[in-house]
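Colleague: What follows is a structure written as structure tokens; I'll ask about it next.
The values are calculated or read from the model by the stated rules, or taken from the named source; none is laboratory data. Since the model is a prediction, treat every value here as computed from it, not as a measurement. Note that each Cβ is placed from the backbone with ideal geometry, even for glycine, and that neighbours are counted across all protein chains shown. All accessible areas refer to the heavy atoms of the entire protein, side chains included, with ligands and DNA or RNA removed. Shrake-Rupley method; radii C 1.70, N 1.55, O 1.52, S 1.80 Å.
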Amino acid sequence: MEAMSGRHGAGTPAQQGAAALAGKYLTFTLGTEEYGLPVLKVREIIKVMDITQVPQVPEHVRGVINLRGKVIPVIDLRLKFGLPSQEATNRTCIIVVDVAMVAATVMLGVVVDSVSEVLSVAASEIDQAPEFGGRVVTDYMLGLAKVKGTVKILLNLDRVLGADREFVAH
Amino acid sequence: MFGTWTLGRKLYAVTAVFTVLLIASGALSLWTAGDLQARLIESGRRSRQILEANEKAAGVTVGAQQKVFDEEMASAEASFALTWWTIVAGIALSLGTGGVVAFMVRGISGTLQASVHELRSGAEQVVSASGQMSATAQSLSQGSTEQAASLEETSASMEEMSSMTRKNAENAQQAAVLVTDVARQMTESNAALTEMVLSMAAMKDSNSKVAKIIQTIDEIAFQTNILALNAAVEAARAGEAGMGFAVVADEVRNLAQRSAQAAKDTAGLIEESIARSQEGADRVEQVAAAISTIAGSVEQVNGIVQEVREASQQQTQGIDQVTQAIAQMERVTQTTAATAEESAAASEELNAQAETAAAIVDQLEALVGVADMAAAPPAQANDRGRVLAMQHKPSAKPVSLPRSAEEEIPLGDTGTYGKF
């Protein structure tokens with residue numbers, strides 16, 4: 001990573017940002033789209049298991065699970081992204097990730113439709129999130145990876161799930 | 001001329017002749033007696049004249065002689081009167097005898113006439129009846145012949161019908177055999193289909209099991225994939241140290257994905273196979289149902305064909321009986337025809353005999369003279385009888401020769417005619 005950063009250090013600020021983003025991503029699908037998570041954020045991938053529902057929580061919080069004696073909350077990323085809810089299939093997985101909260105880094109489970117692969121994305125394949133104009137907030141995206149003719153959205157889970165303002169507002 | 005005279009007329013004639021002869025002889029006697037008397041009186045007168053002349057001449061007394069002479073003359077006159085009366089009485093007697101004879105002849109003739117009249121009417125009736133009988137017998141004979149012909153035709157038709165019915169029965173028999181064969185084959189097909197249905201069900205079951213296995217394989221592949229991903233994540237976290245491990249994890253993941261793809265393809269194939277076998281099972285069940293229906297229909301057809309066969313057999317028996325009855329009827333009809341022929345011949349003979357009898361009656365009539373003799377002379381009466389007989393005679397056969405009834409008619413068979 002350091003070598004890659006150094007190699008692209010002489011580029012534009014955008015290219016520098018992209019170089020910082022190059023690396024391995026765990027890709028997964030949600031609806032029809034593919035998303036990527038930095039692999040270092042990922043603790044493990046598990047099959048969907050029984051989720052204990054917890055009252056008085058936002059809609060996208062499905063509940064908690066018992067992961068080898070440790071209780072972690074589970075977020076439904078579909079609901080978080082405003083997509084219609086979907087019953088669990090035999091491809092549905094929970095990705096356990098580390099998310100930086102206000103106080104400390106915590107483990108969260110994220111329900112996705114299916115997990116695809118661990119993908120190495122070069123800096124040249126990464127674009128910054130474009131400006132959509134207006135007040136569209138795009139900071140939950142690290143960038144867009146162009147791989148094999150498709151575009152994968154690289155997520156900033158700290159922004160999506162972490163202790164930022166928007167998340168707290170929910 | 002006298003041959004045609006009736007018996008009464010002849011008797012009358014004879015009586016009249018005798019009476020006339022008697023009267024004539026009486027009259028001749030009367031005339032002769034009268035003449036004799038006249039001559040005697042004349043002779044007496046002349047004798048008296050001679051006597052008186054003598055008396056005058058002789059002058060002799062002749063008074064005594066004249067007295068004797070007068071007495072003799074008176075005696076002769078008395079004798080003549082007696083003779084005359086006797087003759088008159090004879091004439092009267094002969095007239096009376098003739099009247100008595102005529103009366104008697106008239107009585108006998110009346111009786112005879114009545115009898116002959118009755119005989120005649122009887123003979124005419126017999127002629128008429130025998131003519132009718134002959135006509136009836138001939139009609140019967142003709143009818144019997146026609147009936148025999150009709151019966152012959154009917155018999156031929158019945159034989160044809162019999163052969164048709166027999167053929168029908170044979171065909172029904174064949175049809176029954178075929179239908180039975182079909183029914184057996186249908187049953188076999190049904191059994192085979194049932195087995196096939198069972199096989200299809202077993203196949204479906206096997207497919208389901210294979211599908212479950214495939215599902216398990218898919219599950220394993222999925223888990224392997226997750227494991228490989230976890231390994232890749234761990235390798236990534238391990239940095240440079242995990243590079244080799246990452247390669248292994250990637251290979252494992254590739255294998256898992258291929259396994260999953262293969263399982264998916266196989267599952268697709270298996271599902272297709274299940275669907276196909278389900279379709280096949282449905283089709284087979286439809287076919288089985290159709291075959292069951294057909295088998296039922298075949299059973300019904302079999303029953304119907306059996307009924308047709310039995311009916312045909314019964315029909316054959318019935319036709320045989322009818323044929324026998326017709327044969328019997330034919331025999332009876334032929335006998336009837338023969339009898340009718342004989343009867344017709346006998347009737348004709350009877351007619352001829354009646355003719356003969358009528359002729360005899362004619363002769364008798366001619367002999368005794370019938371009451372209506374004046375209106376119809378005997379010869380004409382005879383002709384009329386012939387004409388009557390000819391009218392009642394259906395055949396053109398001329399009046400047969402007079403023969404005795406015993407020669408021609410078998411009186412033993414037709415005893416009624418024997419009295420005639």
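Colleague: Any idea of residue A:79's accessible area? Nearest 10 Å², probe 1.4 Å.
Modeller: Number for this one is 40 Å².
Colleague: In vacuum, with every alpha carbon of segment B:234-335 counted as one equal point scatterer, what does the Debye formula give for log10 I(q)/I(0) at q = 0.14 Å⁻¹? Two decimals, please.
Modeller: -0.85
Colleague: Distance cut-off 26 Å, Cα to Cα: go down the list A:47/B:204; A:152/B:212; A:47/A:70 and report the pairs above it.
Modeller: A:47/B:204; A:152/B:212
Colleague: For segment B:163-332, what is one quarter of the convex hull surface built on the Cα atoms, given in nm²?
Modeller: 12.2
Colleague: Using a simple spin-label model with points 7 Å from Cα along the Cα→Cβ vector, what separation in nm is obtained for residue A:71 and residue B:145?
Modeller: The answer from the label model is 13.5 nm.
Colleague: Right, another one. Given the C-alpha centroids of segment A:44-64 and segment A:66-106, what is the distance between them in whole angstrom?
Modeller: 7
Colleague: If you count, for every residue in B:230-241, the Cβ atoms of partner chains within 10 Å of its Cβ, what is the mean?
Modeller: 5
Colleague: Right, another one. Of B:271, B:279, B:55, which has the largest mean-square fluctuation in a 10 Å C-alpha GNM of chain B?
Modeller: Looking only at B:271, B:279, B:55, the biggest GNM fluctuation is shown by B:55.
Colleague: Where the convex hull is taken over the Cα atoms of segment B:97-177, what is its projected area averaged over directions, in nm²?
Modeller: 7.5
Colleague: Taking a probe of 1.4 angstrom, what is the accessible area of residue B:362 in Å², to the nearest 10?
Modeller: Accessible area of residue B:362: about 10 Å².
Colleague: For residue A:67, which sequence-distant residues (separation of 5 or more, or a different chain) have an amide H within less than 5 Å of its own amide H, given hydrogens modelled in the peptide plane?
Modeller: Residues meeting the criterion, in which the H sits 1.01 Å from N, are A:72.
Colleague: Could you put B:360, B:214 in order of accessible surface area, largest first, with the 1.4 Å probe and the full protein assembly present?
Modeller: In descending accessible area the options line up as B:360, B:214.
Colleague: Around residue A:142, which amide H atoms from residues at least 5 apart in sequence, or from another chain, sit under 5 Å from its own amide H, with H modelled in the peptide plane?
Modeller: Under 5 Å from the amide H of residue A:142 lie the amide H atoms of A:154, A:155, A:156, each far enough along the sequence or on another chain.
Colleague: What number, in percent, do you get for the relative contact order of segment B:24-163 if the mean sequence gap of Cα pairs under 8 Å and at least 6 apart is divided by its residue count?
Modeller: Normalised by residue count, the contact order of segment B:24-163 is 29 percent.
Colleague: Here's another thing I want to ask about it. Could you give the size of the charge dipole of chain B about its Cα centre, using +1 on the Cβ of each K and R and -1 on the Cβ of each D and E, expressed in debye and rounded to the nearest 20?
Modeller: With only Lys, Arg, Asp and Glu charged at Cβ, the dipole is about 2260 debye.
Colleague: If you wrap a convex hull around the alpha carbons of segment B:46-147, what volume per residue comes out, as a whole number of Å³?
Modeller: Enclosed volume per residue, from the Cα hull, is 95 Å³.
Colleague: Counting just the Cα atoms, what span does chain B cover along each of its three principal axes? Round to the nearest Å and put the largest first.
Modeller: Taking the Cα atoms of chain B, the three principal extents are 262, 33, 27 Å.
Colleague: Just need the relative contact order of segment A:19-170 here, percent rounded to a whole number, with Cα pairs under 8 Å and 6+ apart.
Modeller: 27
Colleague: Just B:27, B:78, B:129 to compare: in a GNM of chain B, with alpha carbon springs under 10 Å, which one fluctuates most?
Modeller: B:78
Colleague: Got a sec to turn the phi values of segment B:282-298 into Karplus ³J(HN,Hα) couplings, 6.51 cos²θ - 1.76 cosθ + 1.60 with θ = phi - 60°, whole Hz, x for Gly and Pro?
Modeller: 4, 4, 4, 5, 4, 4, 4, 4, 4, 5, 4, 4, 4, 4, x, 4, 4
Colleague: Let me ask something else about it. Averaging sequence separations of C-alpha pairs under 8 Å and six or more residues apart, then dividing by the length of chain B, give the relative contact order as a whole percent.
Modeller: Relative contact order, chain B: 31 percent.
Colleague: Starting from the Cα coordinates of segment A:49-165, work out the convex hull volume and express it per residue in Å³.
Modeller: Considering the Cα atoms of segment A:49-165, their hull volume per residue is 157 Å³.
Colleague: Hey, another quick one. Given the whole protein assembly as supplied and a 1.4 Å probe, what does the accessible area of residue A:85 come to in Å², nearest 10?
Modeller: Probe radius 1.4 Å; accessible area of residue A:85 about 80 Å².
Colleague: Related question: Sort B:139-151, A:113-125, B:184-196 by the packing proxy (mean of other Cβ within 10 Å over each peptide's residues), most packed first.
Modeller: By packing density, highest mean first, the sequence is A:113-125, B:139-151, B:184-196.
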